[in-house]
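The values are calculated or read from the model by the stated rules, or taken from the named source; none is laboratory data. Because the structure is predicted, anything quoted here is derived from the model rather than measured. Note that we place each Cβ from the backbone using ideal geometry, even for glycine, and neighbour counts take in every protein chain shown. Remember, those area values only see protein heavy atoms, side chains included, never the ligands or the DNA or RNA. Shrake-Rupley method; radii C 1.70, N 1.55, O 1.52, S 1.80 Å.
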Amino acid sequence: MKKLLIIGFTWPEPATTAAGNRMLRLIRFFLAQGYHVSFGSTAKETEYSMDLESLGINKVPLLLNDSGFDVFAKELAPNMVLFDRFLTEEQFGWRVAEFAPNALRILDTEDLHSLRHVREKCQKTAKEFTLSLWKQENITKREVASIYRCDLSLIISHYEMRLLEEVLNIDSTLLCYLPFMLESKDVPEVREWPKFDDRNDIICIGNGKHAPNVDALQWLIDCIWPIIRKELPKVHLKIYGAYLPQKLKQLHNPEKGLWVEGWVEDIDTIVQKARLVIAPLRFGAGAKGKLITAMQNGTPSITTSIGAEGMQGENTWPGKIADDVNNLAQAAIALYQSKTEWKLAQQKAIELINTFYSAKRHSQYLSMRLEEVQKNLEKHRDKNFVGSMLMQHTLSSTKYLGKWIEAKNKKA
């Protein structure tokens, strides 16, 4: 039996986060490959947590600094272990290496957290972001160390692949480009979408626990929306997302055309009824789930360079890109009113989904890379001296720190 253990930073929430949606697609990929999947996490479940057991997945509550995991890993003897973000690799990587040494260790970065972190710091301090600043941060060194310790890391963004390969000179054999894997849009489905004249309003989607979203929503409401509203007085801005903070909820004001709606179960239907999606992100990293949702429902989007970063390759963006208040507002006003441009943007979205994000193509590539590394695991690891050196350091420090914490907790 082929066995996969996924160690999640959180329990997946596909209905509220892009990370949860990404994890669901990975789980389905491995199930289709014939794997028996176990999913463990130290986090608490929420009302939005996915029903993993309905997919036949074994749920395993985990504890930090607990040797019970060692026994579990040894008995399970997984063929592969997938770490959800580098933080879980830091916590459990040395235990997997010691008690499931033959398991292929995979890191799903989700996005480069260090990149998002440094950009956020720069945004808050009005400092210009540079790659030099990014390389100097401790979190960057931690994240890159995690990539080296793993056998293969899944990278969701073309831009982040370039940073790792060209700026940090990480060997390409340790990396696997894997964007969102999306099913193709066929003609019958597209014909069912509401047409331009049947769509109204502008929507923004954002999970309130994600700092880039909260910043973007505040900027949109305070600075961008008043300009749009002045030109399009009959248009409404509607905001959707789980965990929205109270400071945003209290800005709900239908008289000013502003509707803070919160979480909805069927976001696809909402997006299909909207004429535009707007995502004025000033910092962030990875691929943006809200923009993927827009493409999947034939809704053109207005976003920033950060928002579109790494999500289109050499293709034209299915909407408009701008980076300052006035240009974002004018882009939204123009695209909202132009049926011709709107239809062209919608067609670009379909082309991106069917080519750039092709589930069939990326699934085949991932399957090939995993098989290639697994067949030659000993040689693969032998070539990765930096990774083995970092793992040795981890075993000499983190391991004994974890054991000390465990002993202290038991004594307490």
- line: Selection from segment 200-220 of residues closer than 21 Å to K273 by Cβ and of a type in the set (A, V, I, L, M) yields I202, I203, I205, L217, L220
query: What are the residue pairs meeting all of these: first residue in segment 266-293, first residue under 11 Å from I202 (Cβ atoms), second residue open to solvent by 30 Å² or more (accessible area, probe 1.4 Å) and assigned to a loop (DSSP other than H, G, I, E, B), Cβ atoms under 8 Å, and 6 or more apart or on different chains?
result: A274/N200; R275/N200
field: Which numbered condition I203 misses (of (1) crowded, with 20+ Cβ neighbours inside 10 Å; (2) closer than 18 Å to L366 by Cα; (3) of a type outside the set (D, E, K, R))
entry: (2)
task: Give me a count of the residues in segment 206-236 that are part of a loop (DSSP other than H, G, I, E, B) and surrounded by 15 or more Cβ atoms within 10 Å (Cβ to Cβ).
output: 8
message: Test of understanding: among S132, S146, S184, S153, which residue is closer than 28 Å to R28 by Cα and surrounded by fewer than 15 Cβ atoms within 10 Å (Cβ to Cβ)?
response: S184
query: Here are some residues: S388, S363. Which one is modelled with pLDDT under 95 and either assigned to a helix (DSSP H, G or I) or open to solvent by less than 100 Å² (accessible area, probe 1.4 Å) (or both)?
result: S388
Filter pass, C122 being modelled with pLDDT of 95 or more and either within 19 Å of V37 (Cβ to Cβ) or of a type in the set (V, I, T) (or both): no
task: Could you figure out which of (1) on the phi > 0 side of the Ramachandran plot; (2) modelled with pLDDT under 95 isn't true of A77?
output: (2)
- prompt: Within the bounds of segment 15-27, is there any residue that is among the charged types (D, E, K, R), touching a helix residue (DSSP H, G or I) at 6+ places or on another chain (Cβ under 7 Å) and surrounded by 19 or more Cβ atoms within 10 Å (Cβ to Cβ)?
  reply: no
Matching residues, segment 156-175, being crowded, with 16+ Cβ neighbours inside 10 Å and either in a helix (DSSP H, G or I) or β-branched (V, I, T) (or both): I156, H158, Y159, E160, M161, L163, L164, E165, I170, L174
query: Checking K127 against (1) part of a helix (DSSP H, G or I); (2) basic (K, R); (3) surrounded by fewer than 16 Cβ atoms within 10 Å (Cβ to Cβ), which single condition isn't satisfied?
result: (1)
task: Looking only at segment 112-119, decide whether some residue is outside any helix (DSSP H, G or I) and in contact with a Lys or Arg (Cβ under 7 Å, 6 or more places away or on another chain).
output: no
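Name the residue that is farthest from L26 (Cα to Cα), counting only residues in segment 68-115 that are polar (S, T, N, Q) and open to solvent by less than 10 Å² (accessible area, probe 1.4 Å).
S114
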